[in-house]
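Okay, so here's the structure we're looking at.
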């Protein structure tokens, strides 16, 4: 039996409307538009405006600022997937003469290259890009603030370099490559480097009076890959669905999953938020959110999605400083996820099961710590402690009969089934850790051996 999940309950819709209405009022923003997606479908749209009957809708463009970086990251990963570069390659290999060519592409994607956060004065977000015609004008004289790879330090110039890398490798402008490789395949026809009507105008609101000042909308030139784009809630939800599941026309599921993996060490005070490859990762109220926030003079934007809950939200506003849109978008995800939890797919048995794999399932012991090995629906293995927290991971089969860790503590580690001469299983070897069928099984190759007198009581 199935049921329609295309519409939210009235109470959920009212909670969403109340959240954005409060944000627009308390944040003193001229207008705010938001949308929520579940199971790949838009299930709610809402907006508020200071002008009656002129509220924006899902087709109204706003500037999205640094959400642009996620698009640029996708273009770079496409180059990797085509075998044209490796993420561990130094930038100099493909884009010589920058003066920071020893930093790697991976470090640039994850903001761990040690570059400065901004370009030299004047403030690049509020001045024409023609003032910075060369990469040297974007980077300035003090290029490396921190040793590459040592820490996360957000860098707008770093994404300018990645945009220039895309242009160098593709032989076309960043804007043209973006349109051809992402926007057209995903049907994002209302996303563009320059505004197209209907679009919002950007405003600054006076901090101590309810009056406004229009903000300029500059062409960012070389800095465009870091923050140029205009988009709509409808288009950004399409992009979010792609980031959650992948699309072979743009980037496969494994590659977008890699984007969602932490790429650089966080700093004290930032342990609830890290950065992947072009994606921010935030831990909030026990829920992991992926996405990006953005700002440019006159605009604030945010998109967040929860893979586990299959819920996404986008919030766009046209004010320089106002509501904390990242928190609002996260709240919208949480409202839906809590009020209408994801209904799991029906359990179904595997179409077939390898008897040898099936024989491996069940309890295993690392020393005396009990673990359970399960056969996953996708054919992989999952090894977890039986009780409490501890080291565990999912594993994928390799052609040589071994298994490689996909996540958690054992990511990249090799799991081997070690057999006796007669073919029976002696133990599992996981990165030198020995897992046996019984605690300190005397018949298995336990490092250090097992005392011949066996288990005993206190008075033995």
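The residues of the stretch 375-390 that are touching a strand residue (DSSP E or B) at 6+ places or on another chain (Cβ under 9 Å) and within 22 Å of residue 350 (Cβ to Cβ), listed by number, are 375, 376, 378, 379, 380, 381, 382, 383, 384.
Check residue 55 against each of (1) buried (at least 23 other Cβ atoms within 10 Å of the Cβ); (2) over 16 Å from residue 191 (Cα atoms) and name the one condition it does not meet. In the conditions (1) buried (at least 23 other Cβ atoms within 10 Å of the Cβ); (2) over 16 Å from residue 191 (Cα atoms), residue 55 misses (1) alone.
Within the stretch 119-142, is there a residue that is surrounded by fewer than 17 Cβ atoms within 10 Å (Cβ to Cβ) and closer than 21 Å to residue 280 by Cα? Within the stretch 119-142, none of the residues are surrounded by fewer than 17 Cβ atoms within 10 Å (Cβ to Cβ) and closer than 21 Å to residue 280 by Cα.
Name the single residue, out of those in the stretch 372-382 being modelled with pLDDT of 95 or more and within 25 Å of the chain's Cα centre (by Cα), that is surrounded by the most Cβ atoms within 10 Å (Cβ to Cβ). Among them, the one singled out is 381. The single condition among (1) modelled with pLDDT of 95 or more; (2) within 29 Å of residue 349 (Cβ to Cβ) that residue 393 does not satisfy is (1). Within the stretch 75-84, the residues that satisfy the criterion of being surrounded by fewer than 17 Cβ atoms within 10 Å (Cβ to Cβ) and either touching a helix residue (DSSP H, G or I) at 6+ places or on another chain (Cβ under 9 Å) or closer than 12 Å to residue 109 by Cα (or both) are 81, 84. Of the residues making up the stretch 225-235, one or more are over 12 Å from the mean Cα position of the chain (by Cα), assigned to a strand (DSSP E or B) and within 30 Å of residue 133 (Cβ to Cβ). For the stretch 165-203, a residue qualifies if it is more than 24 Å from residue 236 (Cα to Cα) and crowded, with 16+ Cβ neighbours inside 10 Å, and the qualifying residues are 165, 169, 170. The listed residues are 348, 391, 374, 387, and the only one of them that is within 26 Å of residue 423 (Cα to Cα) and without any contact (Cβ under 8 Å) to a residue 40 or more places away in the chain turns out to be 374.
Contact map, the stretch 255-274: residues that are assigned by TED's automatic domain parsing to the domain that holds residue 76 and over 24 Å from residue 86 (Cα atoms) paired with residues that are part of a loop (DSSP other than H, G, I, E, B) and modelled with pLDDT under 70, Cβ distance under 8 Å, separation 6+ or inter-chain. Pairs shown: 273/266.
Please indicate, with yes or no, whether at least one residue in the stretch 36-51 is out of contact with any helix residue (DSSP H, G or I) (no Cβ under 8 Å at 6 or more places or on another chain), surrounded by 23 or more Cβ atoms within 10 Å (Cβ to Cβ) and either free of Cβ contacts under 8 Å to residues at least 40 places away in the same chain or within 26 Å of residue 218 (Cβ to Cβ) (or both). No, there is no match, as no residue in the stretch 36-51 is out of contact with any helix residue (DSSP H, G or I) (no Cβ under 8 Å at 6 or more places or on another chain), surrounded by 23 or more Cβ atoms within 10 Å (Cβ to Cβ) and either free of Cβ contacts under 8 Å to residues at least 40 places away in the same chain or within 26 Å of residue 218 (Cβ to Cβ) (or both).
Selection of helices (runs of 4 or more DSSP H) fully inside the stretch 46-153 by the criterion of at least 3 residues being assigned by TED's automatic domain parsing to the domain that holds residue 178 and either within 30 Å of residue 197 (Cβ to Cβ) or at pLDDT 95 or above (or both) returns 68-81, 105-109.
Of the residues screened, residue 248 is not one that is surrounded by fewer than 16 Cβ atoms within 10 Å (Cβ to Cβ) and at pLDDT below 95.
Scanning the stretch 216-232 for residues that are within 15 Å of residue 61 (Cβ to Cβ) and at pLDDT below 95 returns a single hit, 217.
The values are calculated or read from the model by the stated rules, or taken from the named source; none is laboratory data. Everything numeric here is computed off the predicted structure, so don't read it as measured data. Note that we place each Cβ from the backbone using ideal geometry, even for glycine, and neighbour counts take in every protein chain shown.
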